[in-house]
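Novice: Supplied in structure tokens, the structure appears directly below.
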There are 2 protein chains.
Amino acid sequence: MFENSDRTELAALGEFGLIDHLAQHFPTKLPSSLLGIGDDAALVKLGTKVMAISTDMMIEGVHFDLAYTPLKHLGYKAVTSNLSDICAMNGLPTQITVSIAFSNRFSLEAIEELYEGIRLACEKYEIDLVGGDTSSTRSGLVISVTAVGEVSPKKITKRSGAKPGDLLVLSGDIGGAYMGLQILEREKRVFLEHNQMQPDLEPYDYIVARQLKPEARLDVVRMLEELAIVPTSMIDVSDGVASEIHHLGKASGVGFEIYEEKIPLDQQTLDTALGFNLNPSVAALNGGEDYELLFTVDQKHYDKIKNHLDLTIIGHATDSVGSYLLNTRAGNSFEIQAQGWNHLKENQ
Amino acid sequence: MFENSDRTELAALGEFGLIDHLAQHFPTKLPSSLLGIGDDAALVKLGTKVMAISTDMMIEGVHFDLAYTPLKHLGYKAVTSNLSDICAMNGLPTQITVSIAFSNRFSLEAIEELYEGIRLACEKYEIDLVGGDTSSTRSGLVISVTAVGEVSPKKITKRSGAKPGDLLVLSGDIGGAYMGLQILEREKRVFLEHNQMQPDLEPYDYIVARQLKPEARLDVVRMLEELAIVPTSMIDVSDGVASEIHHLGKASGVGFEIYEEKIPLDQQTLDTALGFNLNPSVAALNGGEDYELLFTVDQKHYDKIKNHLDLTIIGHATDSVGSYLLNTRAGNSFEIQAQGWNHLKENQ
């Protein structure tokens, strides 16, 4: 299957490149495998029902820094980030499994803290932890979560399916998790350099919470049901909207045009970005881990969404395949690059 | 939920102790969660169907040593060990997800080798890889596999359910994977100490394959179907029969008595154990990773099993709860200790 025996560095390929490269050798064969690699979750048919399955692994030093991440929050986030993937298929999560591995640096009390966060997420989202695995590492903490959920067959929403003219809609606001991370990284440096001075994070409470304790938008899936809207395509914002619109565009065979003035920003996100001398729109589009839902809907649903408090129409799909345009407040147009989190590049 | 704030070392608790400790805080609440933590796989109801879900994480330096584990075999084993858990519920696996994380020590070609093993397992067992995750680590390789499969509601077989008098049945032979590991560890030491002399593993081909490339007994699940046998309890032999009978006994509220002369050993396993000055029966009962199925059946099925070439009746369940007796060839009786793999203890 793989004939080249030279050494190719993986950094050159990147995470998405590697997944694409590997996925070509794994076409699905069973009739029950409705959707395989390449979307937010896989879809498996069982009788007349459809189950969505999503999995993610988080590695200490790569996905999280325990210097500023409380273990309880980490457990919570490990769950919600996976639930978010089930929501992105327009499904509702029901069960999770959690595998962890850790070194002898961690005490029982530390592991209990982590599981307390997992328990809180299970309670909040009314899902059950039904299995998992625990083992040790030579160093560091690894968490792998798999979430399953049910998707109504008529409401399955993939990344593909967007049509030119469809409205591009975003739940909540974006960029907060990224700016929260900037604050935490800055305060960690200050803490280490200045006699371990305790930081005051209170002015940044919203964005720090967005980073450390993100929520999954099950409420948006339920809201779409109430509004009688089945999106034509959907993805969750884990790598940043700039990256996600490329995924939607590539899978659907469309382009996108978005409007800077429409990008929903919280005031704290805006202020903090300016404080860091960052363009708030650029930070918001490229910052990941907001776990909002980004989806396309037919224009006929415009009236249902236009004044919705938690949904924002930020642009529309176009027939310019491969073109992702940002129309700025100043009246210019820029091509949006996909600068999402690349865990392979960042850490090698 | 957890009130003690002192530091408790996890080694004292062990892996099973930790799982029991954590599981008490996660009772299942949804009607669809038919079975949660504490068996080989979780069971989730979807419509009229039942899905089994199992997950395992393998960590370099803890679960495998790349000095003697080819990546292709590692990929294969990561899959089959999970499929085995679905079989242990009397189910047949259908889909898997695979998450991997690795350092920049690994080239694209190395990762391709790993996935080639995964692909071979998918092909052999006719299952689909439908999703996963790739990311990086600071050092080492981590693989997390989740398998799902279907269990016929009438054939669900848990660890609980064994009744006193039930026959205790084992598929295949045991101890091979453990003795194969001893050979590989010995040859690694020789290789490192004596000018990197290449080992001759040919005389140990069967047991080395048992260790490096174990199979999952989907065929036994199908065979039970053909024999019209639904076991009263079942578990897969991942930690060693000595450990597994404790799990079955504890879950079912029974004891077990097994007969040394009945323990199925391959000639290579026997010879190699003797070469290492080990009691072959003790090695076979305590060695893990054979991935055979250990199950109990009602005595009425005795005639179907007694002369079966691939199934061996090694003992029976008793009403002496908590008692696990080995009746030796010499006519003595010993209490069997659960000495299974304890990844937490071994590595701290």
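The values are calculated or read from the model by the stated rules, or taken from the named source; none is laboratory data. Owing to the predicted nature of the structure, the values given are computational and were not obtained by experimental measurement. As a convention, Cβ positions derive from the backbone with ideal geometry for all residues, glycine included, and neighbour counts pool all protein chains shown.
Novice: What's the number of the condition residue B:301 fails, among (1) part of a loop (DSSP other than H, G, I, E, B); (2) closer than 21 Å to residue B:236 by Cβ?
Specialist: (1)
Novice: Report the residue count in segment B:315-337 for those that are part of a loop (DSSP other than H, G, I, E, B), among the hydroxyl-bearing types (Ser, Thr, Tyr) and within 24 Å of the chain's Cα centre (by Cα).
Specialist: Summing the residues that are part of a loop (DSSP other than H, G, I, E, B), among the hydroxyl-bearing types (Ser, Thr, Tyr) and within 24 Å of the chain's Cα centre (by Cα) in segment B:315-337 gives 1.
Novice: Would it be correct to say that residue A:160 is farther than 30 Å from residue B:11 by Cα, under 20 Å from the mean Cα position of the chain (by Cα) and at pLDDT 95 or above?
Specialist: The answer is yes for residue A:160.
Novice: Same structure, new question: So, in segment B:15-34, of the ones that are more than 7 Å from every other protein chain (Cβ to nearest Cβ) and either crowded, with 19+ Cβ neighbours inside 10 Å or assigned to a loop (DSSP other than H, G, I, E, B) (or both), which residue ends up modelled with the lowest pLDDT?
Specialist: That would be B:16.
Condition check ((1) more than 20 Å from residue A:56 (Cβ to Cβ); (2) in contact with a Leu (Cβ under 7 Å, 6 or more places away or on another chain)) across all residues:
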site: A:93; (1), (2): no, yes
site: A:119; (1), (2): no, no
site: A:131; (1), (2): no, no
site: A:136; (1), (2): yes, yes
site: A:144; (1), (2): no, no
site: A:150; (1), (2): no, yes
site: A:173; (1), (2): yes, yes
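Novice: Which of the numbered conditions does residue B:44 fail, given that it passes all the others? Conditions: (1) surrounded by fewer than 19 Cβ atoms within 10 Å (Cβ to Cβ); (2) within 7 Å of chain A (Cβ to nearest Cβ).
Specialist: The number of the failed condition is (1).
Novice: Return the only residue of A:272, A:296 being in a helix (DSSP H, G or I), touching a residue at least 60 places away in the same chain (Cβ under 8 Å) and surrounded by 22 or more Cβ atoms within 10 Å (Cβ to Cβ).
Specialist: Result: A:272 is the single residue among A:272, A:296 that is in a helix (DSSP H, G or I), touching a residue at least 60 places away in the same chain (Cβ under 8 Å) and surrounded by 22 or more Cβ atoms within 10 Å (Cβ to Cβ).
Novice: Next up: Identify all residues within segment A:47-75 that are within 9 Å of chain B (Cβ to nearest Cβ), in contact (Cβ under 8 Å) with a residue 24 or more places away in the chain and part of a loop (DSSP other than H, G, I, E, B); write none if there are none.
Specialist: A:48, A:61, A:62, A:63
Novice: Taking residue B:210 and the conditions (1) outside the structural domain of residue B:90 (by TED's automatic domain parsing); (2) modelled with pLDDT of 95 or more; (3) more than 15 Å from the chain's Cα centre (by Cα), which numbered condition does it fall short on, given that it satisfies the others?
Specialist: (3)
Novice: Could you tell me whether any residue of segment B:248-256 is touching a residue at least 40 places away in the same chain (Cβ under 8 Å), of a type outside the set (Phe, Trp, Tyr) and under 16 Å from residue B:172 (Cβ atoms)?
Specialist: No: segment B:248-256 contains no residue that is touching a residue at least 40 places away in the same chain (Cβ under 8 Å), of a type outside the set (Phe, Trp, Tyr) and under 16 Å from residue B:172 (Cβ atoms).
Novice: Before we move on, is residue B:190 more than 26 Å from residue B:95 (Cβ to Cβ) and among the β-branched types (Val, Ile, Thr)?
Specialist: Criteria met by residue B:190.
Novice: Continuing with this model, one more query. Residues in segment A:135-148: is at least one within 26 Å of residue B:64 (Cβ to Cβ), out of contact with any Ser or Thr (no Cβ under 7 Å at 6 or more places or on another chain), within 7 Å of chain B (Cβ to nearest Cβ) and modelled with pLDDT under 95?
Specialist: yes
Novice: Further question on the same structure: Please note which strands (runs of 3 or more DSSP E) are completely contained in segment B:127-188 and include at least 3 residues that are in the same structural domain as residue B:114 (by TED's automatic domain parsing) and of a type in the set (Phe, Trp, Tyr).
Specialist: Fully inside segment B:127-188 and qualifying: nothing.
Novice: Return the residues of segment B:275-285 that are touching a residue at least 60 places away in the same chain (Cβ under 8 Å), buried (at least 19 other Cβ atoms within 10 Å of the Cβ) and over 15 Å from residue B:313 (Cα atoms); say none if nothing qualifies.
Specialist: Once the filter is applied, which keeps residues that are touching a residue at least 60 places away in the same chain (Cβ under 8 Å), buried (at least 19 other Cβ atoms within 10 Å of the Cβ) and over 15 Å from residue B:313 (Cα atoms), segment B:275-285 yields B:280, B:283, B:284.
Novice: Of everything in segment B:123-150, what is surrounded by fewer than 24 Cβ atoms within 10 Å (Cβ to Cβ) and within 22 Å of the chain's Cα centre (by Cα)? Give them in sequence order.
Specialist: B:123, B:124, B:125, B:126, B:128, B:141, B:150
Novice: Sort out which residues of segment A:151-169 are crowded, with 21+ Cβ neighbours inside 10 Å and either within 30 Å of residue A:76 (Cβ to Cβ) or not charged (D, E, K, R) (or both), and write them in order of number.
Specialist: Correct list: A:151, A:157, A:158, A:159, A:162, A:167, A:168, A:169.
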